[in-house]
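Shown next, in structure tokens, is the structure this report addresses.
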Amino acid sequence: MKILGIESSCDETAAAVVQDGRLVLSNIVATQVEEHRLYGGVVPEIASRRHAENIVGVVDEALNKASCTLDDIDAVAVTYAPGLIGALLVGVNFAKGLCLAKDMKLVAVHHLRAHIASNYISDLELKPPFLCLVVSGGHSHIVEVKSYTNMKVIGKTRDDAAGEAFDKAARAMGIPYPGGIELDKIAEEGDENAFDFPHPKLNVLPGSSLYDFSFSGLKTAVINLIHNKEQKGEKIPVKDICAGYRKAVVSCLTDNFLKAAEDLGYKKLVIAGGVSANSLLRRNLESLCQEKGYKLYMPQKSLCSDNAAMVASQGYYEFIAGNVASQDLNAIATLPIDAQNR
Ligand code: KG4
Ligand code: ZN
């Protein structure tokens, strides 16, 4: 079964054709990052306009590259939530139009479920159940993936997402948007023990899950450190700050993730989302999982960031579970990952 995936939740317009949820026949991404960089972050209005301009060409290219026409496509899977509403609406309406014109099935895909599915493409053996750390620009979740279409969040960020925490710290050091990627590279050359950043302990707060994260204190600590040095006219030791900060964020993520795995008895661990490309997160998890005898799955780096192959992959599993959408499908800016459990 061939599914055309469409993704437009943030600043990448993407389309892909995937066979039976696992075999990628094409995967096209048109990124707008250069334009948003001018403003230090994604400008929603610009994102929507660029999606509207790019979507026809991107879908055409995905079909051509897969040597398909719309007649070969069995269903269209589209990201409908969560994300920037105007951006999502471009993909959703385009997918609805295609389905109406060619009498195809429409499948609505949750963006974070799609990130998790990037692992089904990267490792053909991977099957639920497993425990997944989903870390992107907008979300940080620990998710029990009980089946392809049944998930439960057991820990999440109380404030900033991990990607956002990286991007904001990078911005304070003058690293252009999206700074997380560059901060990761610079950190490789720094001394991670030169500065001590706080390690928040949240489970003592009322209403917190044992596995919740918080990054706002860390972010404030790094911004204060930079401002303090600037006020004193000192040179900012960017490499060491990047290294120490990355170590602190990564240890918050790995501590809670491994604690949850141990408490709940998961031995199959998976990571997903833009931040899953982080070099230290990957290295540390690899060695910690090896020590504990856990099997770790990580998406190939090119599939960590937003793409439509992951949307088509999750779309396949939603489709076979009976999650088919109708022509009144709407885009939703905020939606929990378990809202479409089957
Ligand atoms: O999943 P994603 O592409 O988009 C969202 O759904 O949000 O994630 C983008 C986020 C950005 O915050 C970006 O800085 C971060 O992922 N990111 C990284 C790395 N690569 C991307 N953060 C840390 N280290 C990286 N290597
Ligand atoms: Zn994403």
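Give the residue from Ser140, Val250, Leu280 lying farthest towards the positive end of the charge dipole for the stretch 128-301; charges sit on Cβ (+1 for Lys and Arg, -1 for Asp and Glu) and the dipole is referred to the Cα centre. With unit charges placed on the Cβ atoms, the residue in question is Ser140. At what distance in angstrom do the alpha carbon centres of the stretch 280-321 and the stretch 53-99 lie from each other? So the two Cα centres are separated by 23 Å. Within the stretch 1-53, none of the trypsin sites (Lys or Arg not before Pro) combine a DSSP coil assignment with at most 10 other C-beta atoms in a 10 angstrom radius.
On average, how much area does the Cα convex hull of the stretch 128-301 cover when viewed from any direction, in nm²? Write out the running numbers ahead of the final one.
On the way: hull surface 41.0 nm².
The number I arrive at for the stretch 128-301 is 10.3 nm².
Residues Asp123, Asp263, sorted by accessible area with the largest first, give Asp263, Asp123 [1.4 Å probe; ligands and nucleic acids excluded]. Can you tell which of Pro128, Gly233, Ala194 lies farthest toward the positive end of the dipole of the stretch 128-301, using +1 and -1 charges on the Cβ of basic and acidic side chains (Lys, Arg; Asp, Glu)? Result: Pro128, furthest along the dipole toward the positive end.
At each listed q (0.13, 0.20, 0.21, 0.24 Å⁻¹), what is the log10 of I(q)/I(0) that the Debye formula gives for the stretch 59-147 modelled as equal alpha-carbon point scatterers? One equal scatterer on each Cα of the stretch 59-147 leads to -0.56, -1.09, -1.13, -1.21. Here the Debye sum runs over all C-alpha atoms of the stretch 87-226 as equal scatterers in vacuum, and log10 of I(q)/I(0) at q = 0.16 Å⁻¹ comes out as -1.04.
Taking one equal scatterer on every alpha-carbon of the chain, how large is log10 of I(q)/I(0) by Debye at q = 0.07, 0.11, 0.16 1/Å? Relative scattering, expressed as log10 I(q)/I(0), comes to -0.29, -0.70, -1.35. By the compact-protein rule of thumb, 2.2 N^0.38 Å, the alpha-carbon radius of gyration of the stretch 219-275 corresponds to a ratio of 1.61. Run the paramagnetic zone check for Leu296: 7 angstrom along Cα to Cβ, then residues of the stretch 220-262 with backbone nitrogen under 16 Å. From the stretch 220-262, the list is 247-262.
Rounded if a/c is under 1.5, else prolate if a/b beats b/c, else oblate: with a ≥ b ≥ c from the C-alpha gyration tensor eigenvalues square-rooted, which is the stretch 1-135? The shape class here is oblate.
Using alpha carbons only, what's the Rg to Rh ratio of the stretch 237-306 with Rh from Kirkwood?
Working: Rg = 12.8 Å, Rh = 12.8 Å.
Ratio value, two decimals: 1.00.
The largest accessible area among Lys229, Lys301 belongs to the first residue in Lys301, Lys229, and the rest follow in falling order (1.4 Å probe, all chains). Evaluated with a Cβ-only charge set (Lys, Arg +1; Asp, Glu -1), the chain carries a dipole of roughly 600 debye about its Cα centre, given to the nearest 20. Highest mobility in the GNM of the chain, judged by mean-square fluctuation with C-alpha springs under 10 Å and restricted to Leu218, Leu288, Leu183, is found for Leu288. Applying both filters, DSSP loop and at most 13 other Cβ atoms within 10 Å, to the GluC sites (Glu not before Pro) of the stretch 165-266 gives Glu188, Glu189, Glu234. Among the protein heavy atoms, those of Val249 account for about 0 Å² of accessible surface (1.4 Å probe, every chain in place).
Rounded to the nearest 500, what is the chain's calculated 222 nm mean residue ellipticity when only DSSP H runs of at least 4 contribute -39500 (n - 2.57) each, over all residues? Value at 222 nm, helices only: -14000 deg cm²/dmol.
The residues of the chain expose on average 42 square angstrom of accessible surface per residue, using a 1.4 Å probe on protein heavy atoms. Rounded to the nearest 5, the antiparallel percentage of DSSP beta bridges internal to the chain is 60%. Rolling a 1.4 Å probe across all protein chains gives Thr69 an accessible area of roughly 70 Å². For the set Tyr39, Tyr148, Tyr294, the ranking by accessible area, highest first and with no ligand, DNA or RNA atoms included, is Tyr39, Tyr148, Tyr294 under a 1.4 Å probe. The magnitude of the dipole of the stretch 128-301, with charges of +1 and -1 set on the Cβ of Lys/Arg and Asp/Glu and taken from the Cα centre, is near 380 debye.
Could you tell me what percent of the accessible area of the chain is made up of carbon and sulfur, with a 1.4 Å probe and every protein chain present?
Values: 7140 of 14300 Å².
That share works out to 50 percent.
Placing +1 on each Lys and Arg Cβ and -1 on each Asp and Glu Cβ, with no other charges, gives the stretch 208-254 a dipole about its Cα centre of roughly 180 debye. Within the stretch 176-223, the trypsin sites (Lys or Arg not before Pro) that combine a DSSP coil assignment with at most 11 other C-beta atoms in a 10 angstrom radius are Lys201.
The values are calculated or read from the model by the stated rules, or taken from the named source; none is laboratory data. Computed from a predicted structure; not experimentally measured. Note: ideal-geometry Cβ built from the backbone for every residue, glycine included; neighbour counts use all protein chains shown. For accessibility, only protein heavy atoms count, side chains too; no ligands or nucleic acids. Shrake-Rupley method; radii C 1.70, N 1.55, O 1.52, S 1.80 Å.
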